[in-house]
Amino acid sequence: MRMVFAIAIALAVQASAHACSWDRDTLAMQFNKFPDLVRVITGRFERNPPLYYSMRIDRVKKEIKASPNKLDLYDDIAVATDRLGKSGKAIAWMEKKRLQMKGASSEDQYRTEANEGTFLIHDWIRSGKKHPLSEIQKGHDMIAKALAINPDAHFGREKVQLQVVEWLISQQKESDTAGEGRRRQTCRR
């Protein structure tokens, strides 16, 4: 039983590292006869080299200029930007998408919440946890909202992602509390 629990934890941590981002590649992979279970759970979909994402950004910028109300383009450019390690810029793309979302479908609303929440979490992790804890909490809340819209998306992986984020938040709070206790003891001496 302990081994099963250890494997589940390892898979959950791996899922968080490759958290759920939605672009057209993700959808294509889902419709491609469902990859094996472990690859799905761990987010090990085929990835492309950085040049692919740079080229996608250049191409999609032009497409957005021509069709600014085509919402899936914002997901494509934001995911590509995040895959290049630029979470802050990915978040900015989602904010631009939100300006175009009047009358958006529930699927577009789901993807916006899931992607922006994921990018906030990535940004917090990439910062070395230097950003305020409220950033990862906001990401958590957005993913929870996405799950309320579509609880079965990503083969249910986002439920695990949410649990991992809750664990990260609890660990950071414990670390912050322990650090405050040590500082108080040092000041009393």
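The values are calculated or read from the model by the stated rules, or taken from the named source; none is laboratory data. Remember, predicted model here, so these are calculated numbers, not experimental data. Cβ coordinates were reconstructed from backbone atoms using ideal geometry, including for glycine residues, and neighbour counts include every protein chain displayed. Ligands, DNA and RNA are stripped out before the accessible areas are found, and what is left, the full protein with its side chains, is counted by its heavy atoms. Shrake-Rupley method; radii C 1.70, N 1.55, O 1.52, S 1.80 Å.
With respect to the conditions (1) modelled with pLDDT of 70 or more; (2) among the charged types (D, E, K, R); (3) within 20 Å of the chain's Cα centre (by Cα); (4) outside any loop (DSSP other than H, G, I, E, B), ARG47 falls short on a single one, namely (4).
Kindly indicate whether any position in the stretch 52-62 is closer than 13 Å to PHE119 by Cα, among the aromatic types (Phe, Trp, Tyr) and touching a helix residue (DSSP H, G or I) at 6+ places or on another chain (Cβ under 7 Å). No, that holds for no residue. When LYS145, LYS129 are checked against the criterion of being under 27 Å from LYS86 (Cβ atoms), out of contact with any His (no Cβ under 9 Å at 6 or more places or on another chain), at pLDDT 90 or above and of a type in the set (D, E, K, R), a single residue qualifies: LYS145. Remark: pairs (first residue in the stretch 47-70, more than 17 Å from LEU99 (Cβ to Cβ) and touching a residue at least 24 places away in the same chain (Cβ under 8 Å); second residue open to solvent by 60 Å² or more (accessible area, probe 1.4 Å) and not in a loop (DSSP other than H, G, I, E, B); Cβ separation under 6 Å; 6+ apart in sequence or on different chains) = TYR53/ARG83.
So that you can scan it fast, the table gives a plain yes or no per residue for (1) crowded, with 18+ Cβ neighbours inside 10 Å; (2) over 15 Å from the mean Cα position of the chain (by Cα):
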| site | (1), (2) |
| --- | --- |
| SER54 | no, yes |
| ILE64 | yes, yes |
| SER67 | no, yes |
| LEU71 | yes, yes |
| ALA78 | yes, no |
| ALA92 | no, no |
| LYS102 | no, yes |
| GLY128 | no, yes |
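Give the residue that is nearest to ASP75 (Cα to Cα), with candidates limited to residues of the stretch 107-126 that are over 8 Å from the mean Cα position of the chain (by Cα) and aromatic (Phe, Trp, Tyr). Selected residue: TYR110. Please specify each residue of the stretch 88-97 satisfying the condition of being within 9 Å of TYR74 (Cβ to Cβ) and of a type outside the set (A, V, I, L, M, F, W, C). Answer for the stretch 88-97, where residues must be within 9 Å of TYR74 (Cβ to Cβ) and of a type outside the set (A, V, I, L, M, F, W, C): LYS96, LYS97.
Based on this model, can you work out whether ASP141 counts as in a helix (DSSP H, G or I), more than 15 Å from the chain's Cα centre (by Cα) and surrounded by fewer than 20 Cβ atoms within 10 Å (Cβ to Cβ)? No, not satisfied.
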